[in-house]
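Take a look at the structure below.
The values are calculated or read from the model by the stated rules, or taken from the named source; none is laboratory data. Remember, predicted model here, so these are calculated numbers, not experimental data. Quick reminder, even Gly has a Cβ in these numbers, built from the backbone with ideal geometry, and neighbours come from all protein chains shown.
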Amino acid sequence: MDREIRQEIRQRSKRYNAPIDWLSNMKWSLLRLLVLGSFAAMTCAVILGILFYFNHSYGLVDFGSSSVTADDADINSGYLNITKDMYVWGAYTDSTRLGVTSRTALVKNYNGIATKLADFSVMHGMDNLLVYVGCCEWDGSTFTKGSIPLHDDFVAFNAPFIENGIGVTALVYINDDVEDISSPCLDNIITAIKQFNDANPSSAFSGVHIDQEPSSIVSMAALITTLKASHNIAKMNGIQLSSSSKPRYVTDSLTINGTRSTMLEHLATSVDEVTLLAYYNNAEKVAELVRNAASQDIGPFKIALETGYVNAESTETFYDQIRSIPSSWFNTFAGVRSSVESAVGCSVEETSCAVDKFVIHDFVQYWEAIYGTEPYTDDADHGWL
């Protein structure tokens, strides 16, 4: 072996048997951990993706599985034989789950939630749904472009409901802060709904409903002013504009543009129809509210019953009563209806009655109250109870 080769071998031996460089070794260890961590994260993402796919399977809304077979007299006479509207804010009470918004899960029919809504609506006599489309705060840029969020999904979502005689109203609001009426985009929403309806007549929305619900009379005055301006745009575009009202505005008065009236009367001149939110849990208080409202010049109005628990005091909702004894709810509803009709002196079914229709707020919480579980994860084949 010649000299050069032996020197090379010695040099390599020195490198391989050199004292341990702890810093370099640590760097390599950290690098290996990062690689392993990345691999683990990718594996988890794949697993979650698979779970997401199977837990969020979706398809067209199916109306074929629902049927009405109620024999109970209270269900037939006091509850079922009058048509009702129902608020539908989404698929679940959370705003998002696993990064999927409640609105997206609903209109894409994940877990068959829209099909469950269809069955529930037919069974409980709903003929119009107020379905959340968006708000100015988060969807303003989309409305500004003349479109609505999830445009194609709403085309597919609306059509089977309308085909089966259930209307769909676009439910919207301005800002998350109920007192913030700034940066309204109602004109853009109306224009976007008009364009949607023209392009998709078989999926057309029956109107636009604003549910902002400010508690401050000053904020309510600002909302009324905004609605009055947008009402002209709505009429020009053939869009029915409606709004909700809290109970206090039946009696609270304010002078707006030189006219002093109750806030409810001001609101009624700013939209096509008002939905009065009856935040009470007994028939007598609901009837009293309706009587006071009917004495004013506001035209036919709808009366909404709260059946949920989110942001609602126990005295404002029927949720606890329904949940404790679900079988008694239909009799309770019949009692509320009877009290309301006595207060206005006419049947809600009559076209000239001051109360146009009852409204349920809202789908997810109403389902939970009756069946004891949320509809999104509930795969049971429910009857009435």
Within region 181-210, the residues that are touching a residue at least 40 places away in the same chain (Cβ under 8 Å), surrounded by fewer than 19 Cβ atoms within 10 Å (Cβ to Cβ) and among the charged types (D, E, K, R) are ASP187
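Quick check: is even one residue across region 251-258 touching a residue at least 24 places away in the same chain (Cβ under 8 Å) and of a type outside the set (A, V, I, L, M)? Lay out the reasoning, then the answer.
Within region 251-258, the subset touching a residue at least 24 places away in the same chain (Cβ under 8 Å) is 251-252, 254, 256.
Imposing the further condition that a residue be of a type outside the set (A, V, I, L, M) reduces the set to 251-252.
Checking region 251-258: at least one residue is touching a residue at least 24 places away in the same chain (Cβ under 8 Å) and of a type outside the set (A, V, I, L, M).
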Picked from region 317-344 (must be surrounded by fewer than 18 Cβ atoms within 10 Å (Cβ to Cβ) and either acidic (Asp, Glu) or in contact with a Leu (Cβ under 9 Å, 6 or more places away or on another chain) (or both)), the residue farthest from LEU277 (Cα to Cα) is SER327
_ALA293 - would you say it is surrounded by fewer than 23 Cβ atoms within 10 Å (Cβ to Cβ), modelled with pLDDT of 95 or more and either of a type outside the set (Phe, Trp, Tyr) or not in a loop (DSSP other than H, G, I, E, B) (or both)?_
no
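Taking LYS235 as the residue in question, decide whether it is in contact with an Asp or Glu (Cβ under 9 Å, 6 or more places away or on another chain), within 30 Å of GLN195 (Cβ to Cβ) and among the basic types (Lys, Arg). If you could, list the steps in order and put the result at the bottom.
Details: in contact with an Asp or Glu (Cβ under 9 Å, 6 or more places away or on another chain): yes; within 30 Å of GLN195 (Cβ to Cβ): yes; among the basic types (Lys, Arg): yes.
Yes; evaluated as a whole, the condition is true for this residue.
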The residue from ASP198, ASP180 that alone is assigned to a helix (DSSP H, G or I), more than 17 Å from the chain's Cα centre (by Cα) and acidic (Asp, Glu) is ASP198
- Item | Test for ASP153: is it within 17 Å of ILE193 (Cα to Cα), at pLDDT 95 or above and of a type in the set (D, E, K, R) | yes
With criteria (1) closer than 23 Å to TYR309 by Cβ; (2) in contact with a helix residue (DSSP H, G or I) (Cβ under 7 Å, 6 or more places away or on another chain); (3) of a type in the set (Asp, Glu), ASP85 comes up short on (2)
Over region 117-150, the set of residues touching a helix residue (DSSP H, G or I) at 6+ places or on another chain (Cβ under 6 Å), assigned to a helix (DSSP H, G or I) and among the aromatic types (Phe, Trp, Tyr) is PHE143
Of the residues in region 262-284, those that are outside any loop (DSSP other than H, G, I, E, B) and either surrounded by fewer than 17 Cβ atoms within 10 Å (Cβ to Cβ) or among the hydrophobic types (A, V, I, L, M, F, W, C) (or both) come to MET263, LEU264, LEU267, ALA268, VAL274, LEU276, LEU277, ALA278, ALA283, GLU284
The condition from (1) within 22 Å of THR83 (Cα to Cα); (2) under 22 Å from the mean Cα position of the chain (by Cα) that SER327 misses is numbered (2)
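Looking at region 58-112 only, could you name the residues that are in a helix (DSSP H, G or I), modelled with pLDDT of 95 or more and not polar (S, T, N, Q)? Spell out the reasoning first.
Pass one, region 58-112, residues in a helix (DSSP H, G or I): 73-80, 102-107, 110-112.
From what's left, modelled with pLDDT of 95 or more: 102-107, 110-112.
Correct list: ARG103, ALA105, LEU106, VAL107, TYR110, GLY112.
Restricting to region 151-177, what's the tally of residues that are assigned to a helix (DSSP H, G or I) and of a type in the set (S, T, N, Q)? Talk me through it step by step, then tell me what you get.
Step one: of region 151-177, the residues assigned to a helix (DSSP H, G or I) are 151-163.
Applying the additional criterion that residues be of a type in the set (S, T, N, Q) yields 158.
Matching residues across region 151-177 total 1.
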All conditions in (1) part of a helix (DSSP H, G or I); (2) modelled with pLDDT of 95 or more; (3) in contact with a helix residue (DSSP H, G or I) (Cβ under 6 Å, 6 or more places away or on another chain); (4) within 19 Å of ASP127 (Cβ to Cβ) are true of TYR366 except (3)
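For region 87-104, check the following and say yes or no: at least one residue is among the hydrophobic types (A, V, I, L, M, F, W, C) and in contact with a strand residue (DSSP E or B) (Cβ under 6 Å, 6 or more places away or on another chain).
Just the residues of region 87-104 that are among the hydrophobic types (A, V, I, L, M, F, W, C), to begin with: 88-89, 91, 98, 100.
Filter again for in contact with a strand residue (DSSP E or B) (Cβ under 6 Å, 6 or more places away or on another chain), leaving 88-89.
Yes, there is a match, as at least one residue in region 87-104 is among the hydrophobic types (A, V, I, L, M, F, W, C) and in contact with a strand residue (DSSP E or B) (Cβ under 6 Å, 6 or more places away or on another chain).
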Checked region 313-361 for anything farther than 18 Å from GLU284 by Cβ, at pLDDT 95 or above and of a type in the set (Phe, Trp, Tyr); matches are TYR319
Residue count, region 296-335, condition in contact (Cβ under 8 Å) with a residue 12 or more places away in the chain and in a helix (DSSP H, G or I), comes to 17
THR259 meets each of (1) surrounded by fewer than 17 Cβ atoms within 10 Å (Cβ to Cβ); (2) modelled with pLDDT of 95 or more; (3) under 22 Å from PHE301 (Cα atoms) with one exception, condition (2)
